[in-house]
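Trainee: Take this structure first; my questions come after.
The values are calculated or read from the model by the stated rules, or taken from the named source; none is laboratory data. Quick caveat, the model's predicted, so the values are computed rather than measured. Cβ placement follows ideal geometry from the backbone for every residue including glycine, while neighbour counts extend to all protein chains displayed. What goes into the accessible areas is simple: the full protein's heavy atoms, side chains included, and nothing from ligands, DNA or RNA. Shrake-Rupley method; radii C 1.70, N 1.55, O 1.52, S 1.80 Å.
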Amino acid sequence: MSKPTILVVEDERPLAETLVYNLSKEGYDVHLASDGQEGLRKAQSLLPDLVVLDLMLPVIEGLEVCRQLRAGNRTRTIPVLMLTARGEEVDEVVGFQVGADDYVTKPFKIKPLLQRIRALLRRKIAVDSSSGDQLQSHGIEIDRLQHRVLVDGQEARLTPTEFRLLWALLKQPGRAFSRPDLMGAGMGDDAFVLERTVDVHIKALRQKLGRHAARIETVRGVGYRFLNGPPEEAVSTD
Ligand code: CA
């Protein structure tokens with residue numbers, strides 16, 4: 001397999017250089033952009049295997065870059081790891097509006113960051129190499145080959161992580177998944193993903209499922225389960 005390509009979009013010079021140095025040392029093909037516009041342009045031309053995206057960027061800010069990546073047909077499935085300055089931004093970053101796959105809060109240590117990157121790349125490879133398959137349940141259709149989800153016939157734009165979570169839930173309806181189960185299914189076996197992150201992704205996924213939201217049921221003290229019945233039968237649990 002050729003070297004995975006990583007695009008780093010970061011304007012703080014010392015941090016950018018540290019990232020480029022360490023990622024290159026790990027064997028990745030690393031490209032750097034120092035503002036949001038350059039980041040978008042490079043992402044669209046390189047189609048990297050992963051983007052490390054700073055939140056606060058000149059010209060176009062990180063949230064907007066992420067939104068535009070998610071809106072582009074060729075860039076929508078590229079995993080995005082966001083670098084954030086504050087914990088409070090997590091909901092917005094990982095959630096519905098923007099759709100980053102993971103985040104780290106500055107200042108961060110390089111070793112856990114590299115582990116998160118490896119986990120995101122493993123997930124991407126798993127998705128890329130899986131054979132086409134489809135699941136459906138009372139108005140929700142999911143096509144793994146086309147990476148498409150239809151909710152009552154309308155396309156729902158899910159992030160790669162939301163997509164994998166929905167796939168795991170729909171594949172075994174009625175099963176109560178623990179948060180660690182879902183982390184494994186949706187985010188790769190990465191001990192560094194926080195359980196809280198699962199909740200944020202589920203919240204975003206529910207919003208995108210519209211009237212089917214309550215079919216992802218909260219199982220108290222455990223995690224979540226998917227109800228394989230029409231949405232009218234589901235009762236919202238939160
Ligand atoms: Ca910055």
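Trainee: List the trypsin sites (Lys or Arg not before Pro) within the stretch 40-81 that fall in a DSSP loop (any state other than H, G, I, E or B) and whose Cβ has at most 13 other Cβ atoms within 10 Å. Show your work: numbers first, answer last.
Mentor: Details: sites: 41, 42, 67, 70, 74, 76; in loops: 74, 76.
Passing sites in the stretch 40-81 are 74.
Trainee: Under a point spin-label approximation (7 Å from Cα along Cα-to-Cβ), what is the residue 114-residue 12 distance to one decimal in nm?
Mentor: If labels sit at residue 114 and residue 12, their model points lie 2.0 nm apart.
Trainee: Hand me the tally of lysine pairs in the chain: alpha carbons under 22 angstrom apart, and the pair either on different chains or 8 or more positions apart.
Mentor: Qualifying lysine pairs in the chain: 15.
Trainee: Which whole-number value in Å² is the accessible area per residue of the chain, probe 1.4 Å?
Mentor: 47 Å²
Trainee: Something else about it: Could you put 60, 117 in order of accessible surface area, largest first, with the 1.4 Å probe and the full protein assembly present?
Mentor: Putting 60, 117 in descending order of accessible area: 60, 117.
Trainee: In whole percent, what relative contact order does the chain give with Cα contacts below 8 Å and a gap of six or more residues?
Mentor: For the chain, the relative contact order is 13 percent.
Trainee: Further question on the same structure: Would you mind finding the longest exposed-site-free stretch of the chain, with exposed chymotrypsin sites (Phe, Trp or Tyr not before Pro) meaning DSSP loop and at most 16 other Cβ atoms within 10 Å?
Mentor: With a cap of 16 other Cβ atoms within 10 Å, the longest stretch comes to 1-107.
Trainee: Quick check on the chain: helices-only [θ] at 222 nm, where DSSP H runs of length 4 and up contribute -39,500 (n - 2.57) each and the sum goes over total residues. Nearest 500, please.
Mentor: Here the helix-only value at 222 nm equals -12500 deg cm²/dmol.
Trainee: Averaging the inverse of every distinct alpha carbon separation and then flipping it gives the Kirkwood radius. What is it for the chain, in angstrom units?
Mentor: For the chain, inverting the mean 1/r across all distinct Cα pairs yields 18.2 Å.
Trainee: Moving to a separate point now. Determine Rg/Rh for the stretch 5-125; Rg is computed over alpha-carbon atoms and Rh is the Kirkwood hydrodynamic estimate from the same atoms. Intermediate values should be presented prior to the final figure.
Mentor: Numbers: Rg = 12.7 Å, Rh = 13.9 Å.
Rg/Rh: 0.91.
Trainee: Can you list which of the trypsin sites (Lys or Arg not before Pro) found in the stretch 152-188 are DSSP loop residues with at most 15 other C-beta atoms within 10 Å?
Mentor: 157, 175
Trainee: At 24 angstrom or more along the helix axis (alpha-carbon based) and mean Kyte-Doolittle of 0.0 or higher, what helices does the chain contain? Whole DSSP H runs only.
Mentor: Helices meeting the span and hydropathy rule in the chain are 110-129.
Trainee: Follow-up question, since we're still on this one. Run the 1.4 Å probe and let me know the accessible area of residue 3, rounded to the nearest 10 Å².
Mentor: It works out to around 120 Å².
Trainee: Can I ask one more? Counting only protein heavy atoms and using a 1.4 Å probe, what share of the accessible area of the stretch 5-125 belongs to carbon plus sulfur, as a whole percent?
Mentor: Answer for the stretch 5-125 is 51 percent, counting heavy atoms of protein chains only.
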